[in-house]
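The values are calculated or read from the model by the stated rules, or taken from the named source; none is laboratory data. Quick caveat: nothing in here was measured; it's all calculated off a predicted structure. All Cβ positions, glycine included, derive from the backbone under ideal geometry; neighbour counts span all protein chains shown.
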Amino acid sequence: MTSMKLSLVIPAHNEQENIGPCLTELTRVLGTEHGIPHEIIVVDDNSSDRTADVVREFQATFPQIRLVRRQPPGGFGRAIRSGLSAVQGDVVVIYMADLSDDPQDVVMYYRKIMDGYDCVYGSRFIRGSHVEQYPKVKLIVNRLVNTAIRWLFWTKFNDLTNAFKAYRTEVIRACGPFTACHFNITLEMSLGALNRDYRIVQVPISWYGRKWGASKLRLKEMGRRYLATLLMTYGQRLLIRDDLVAEQHGSRELSYEPPLELVTSPVERSDSEQAV
């Protein structure tokens, strides 16, 4: 089977201490150890520190690293959307800049996609997973929210709010355009694929507490945004899921035939065409 190109999208806001070690590990594991064709898209989300400068230093050695710089307004979801629009690969992985994700899990994700799955959802809360330094309050909220989502959507996936997931690029294109501006984009993406009946597998992953800096997630601020996204995707599941699934299956059955070349005489061309 021909290798697929992997695109990692890394949103980064004031991550100058983390982004260097993050890129070092990713390039070592993906390139040196496993030889996976890849690109790394770092989205600098209005950082006020040296995040962008550190990325540029790495670009001098690693041409597969790309930098996208955002202008205000900022937001995790907006950064993800900017990164997705720049993707050139066949497989997309959303990866955190704070060293909380394990690059070896990216390799596992990639291989699952190569096995034929459309999406890979990592879970920090199933047998085989490994979690360190997860804040207790956030853990309680996480488990309550994800349990409610599992009941609403009748699904076995139990870590849907986690951003660290893999998707075929065609899935991203079919489920978009995404509209969430903050961390609620994690739900919009994962539930969007779930509503369309894509082939999804859940795997255990490792998660480590942030090494430097503070988390950008604010539970009080995010409550209404998560709720809005949840209501939107649940409404789609209740009311138009048949249409979403039909389009997903239809897109797989399309066969492309190049159109016959059309020759237009100068007389038949429009004014706008003649002006070009």
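Odds and ends about this structure:
- Here the condition is being surrounded by 21 or more Cβ atoms within 10 Å (Cβ to Cβ) and of a type in the set (A, V, I, L, M); of V29, V43, it holds for V43 alone.
- For segment 93-135, the candidate set comprises residues that are among the polar types (S, T, N, Q) and surrounded by fewer than 19 Cβ atoms within 10 Å (Cβ to Cβ); within that set, the residue that is farthest from E17 (Cα to Cα) is S129.
- With respect to (1) over 15 Å from the mean Cα position of the chain (by Cα); (2) surrounded by fewer than 23 Cβ atoms within 10 Å (Cβ to Cβ); (3) not in a loop (DSSP other than H, G, I, E, B), the lone exception for V55 is condition (2).
- Pairs, first more than 27 Å from F125 (Cβ to Cβ) in segment 164-181, second among the polar types (S, T, N, Q), C-beta under 8 Å, six or more apart: T169/S7; E170/S251; A174/Q248; A174/S251
- Failed criterion for G89 (all others in (1) surrounded by fewer than 15 Cβ atoms within 10 Å (Cβ to Cβ); (2) assigned to a loop (DSSP other than H, G, I, E, B); (3) of a type in the set (G, A, S) hold): (1)
- Of the listed requirements (1) in a loop (DSSP other than H, G, I, E, B); (2) farther than 20 Å from A193 by Cβ; (3) out of contact with any Gly (no Cβ under 8 Å at 6 or more places or on another chain), L139 misses just one: (1).
- Tally of residues being closer than 20 Å to D197 by Cβ, surrounded by 19 or more Cβ atoms within 10 Å (Cβ to Cβ) and of a type in the set (F, W, Y) across segment 152-185: 2
- Boolean, V107 is within 30 Å of A52 (Cα to Cα), in a strand (DSSP E or B), in contact (Cβ under 8 Å) with a residue 40 or more places away in the chain and aliphatic (A, V, I, L, M): no
- Just one of the numbered conditions (1) under 17 Å from the mean Cα position of the chain (by Cα); (2) of a type outside the set (S, T, Y); (3) over 22 Å from H38 (Cβ atoms) is not true of F125: (1).
- Within segment 59-86, the only residue that satisfies the criterion of being among the aromatic types (F, W, Y) and either buried (at least 19 other Cβ atoms within 10 Å of the Cβ) or at pLDDT below 95 (or both) is F76.
- Residue match in segment 119-134 (condition: over 23 Å from M4 (Cα atoms), of a type in the set (K, R) and at pLDDT 95 or above): yes
- Residues that are under 22 Å from M108 (Cβ atoms) and either β-branched (V, I, T) or in contact with a His (Cβ under 9 Å, 6 or more places away or on another chain) (or both), drawn from segment 141-182: T155, T161, T169, V171, I172
- Odd one out for P37, checked against (1) closer than 18 Å to V93 by Cβ; (2) surrounded by fewer than 20 Cβ atoms within 10 Å (Cβ to Cβ); (3) over 18 Å from the mean Cα position of the chain (by Cα): (3)
- When S7 is tested against (1) touching an Asp or Glu at 6+ places or on another chain (Cβ under 7 Å); (2) assigned to a loop (DSSP other than H, G, I, E, B), exactly one condition is not met: (2).
- Boolean, D242 is surrounded by fewer than 16 Cβ atoms within 10 Å (Cβ to Cβ), at pLDDT 90 or above and at positive phi: no
- Yes/no for R237 being over 18 Å from the mean Cα position of the chain (by Cα) and either modelled with pLDDT of 95 or more or not aliphatic (A, V, I, L, M) (or both): yes
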